[in-house]
Amino acid sequence: QVQVVESGGGLVQAGGSLRLSCVVSGLTVNNKLINWYRQGPGKQREWVAGISTGRTTNYVDSVKGRFSVSRDNAKSTVYLQMNSLKPEDTAAYYCNIAMTNYWGQGTQVTVSS
């Protein structure tokens with residue numbers, strides 16, 4: 001049984017930092033592209049960042065230079081380091097194994113101004 005579990009969200013002031021974790025079990029992630037998405041209040045879910053098997057990373061323009069995605073295959077874990085957070089980053093953040101329907105339950109990030 002495949003499980004995807006996000007953690008690390010919370011309440012932070014603008015300018016602060018958080019590190020989200022995405023732990024995958026029941027599936028080898030070494031050869032999988034992993035993406036982070038987010039869904040803010042009243043908004044559609046949007047892609048935020050992705051990391052390939054070769055550790056190539058891509059980001060949506062709004063987070064470039066502030067967010068960094070990394071992976072530890074030995075721990076089946078993908079991280080999203082979020083710095084210089086802004087109120088508009090407030091959202092539920094989700095991890096997804098690309099080309100699958102495996103999603104986590106999300107972790108809430110709230111940035112106060």
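The values are calculated or read from the model by the stated rules, or taken from the named source; none is laboratory data. A quick note: this is a predicted structure, and the numbers were derived from the prediction, not measured. Virtual Cβ from ideal backbone geometry, glycine too; neighbours counted across all protein chains shown. Surface areas here come from the heavy atoms of the whole protein model, side chains and all, with no ligands, DNA or RNA. Shrake-Rupley method; radii C 1.70, N 1.55, O 1.52, S 1.80 Å.
Tabulated values for the structure
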read-out	value
Test: residue in the stretch 26-44 that is open to solvent by 60 Å² or more (accessible area, probe 1.4 Å), more than 17 Å from Gln105 (Cα to Cα) and assigned to a strand (DSSP E or B)	no
Qualifying residue in the stretch 73-81 (condition: of a type in the set (S, T, N, Q) and more than 29 Å from Gln13 (Cβ to Cβ))	yes
Residue list for the stretch 93-113, filter: assigned to a strand (DSSP E or B) and farther than 16 Å from Met82 by Cβ	Asn96, Ile97, Trp103
Criterion (at pLDDT 95 or above, part of a strand (DSSP E or B) and farther than 16 Å from Gly10 by Cα) met by exactly one of Ser62, Ser68	Ser68
Flag for Ser84 being open to solvent by 40 Å² or more (accessible area, probe 1.4 Å), at pLDDT 95 or above and either closer than 16 Å to Gly26 by Cβ or part of a loop (DSSP other than H, G, I, E, B) (or both)	yes
Number of the exception - Asn101 against (1) closer than 13 Å to Val4 by Cβ; (2) free of Cβ contacts under 8 Å to residues at least 40 places away in the same chain; (3) open to solvent by less than 50 Å² (accessible area, probe 1.4 Å)	(3)
Test for Met82: is it of a type in the set (A, V, I, L, M, F, W, C), touching a helix residue (DSSP H, G or I) at 6+ places or on another chain (Cβ under 9 Å) and touching a residue at least 60 places away in the same chain (Cβ under 8 Å)	yes
Check on Arg19, assigned to a strand (DSSP E or B), at pLDDT 95 or above, basic (Lys, Arg) and open to solvent by 30 Å² or more (accessible area, probe 1.4 Å)	yes
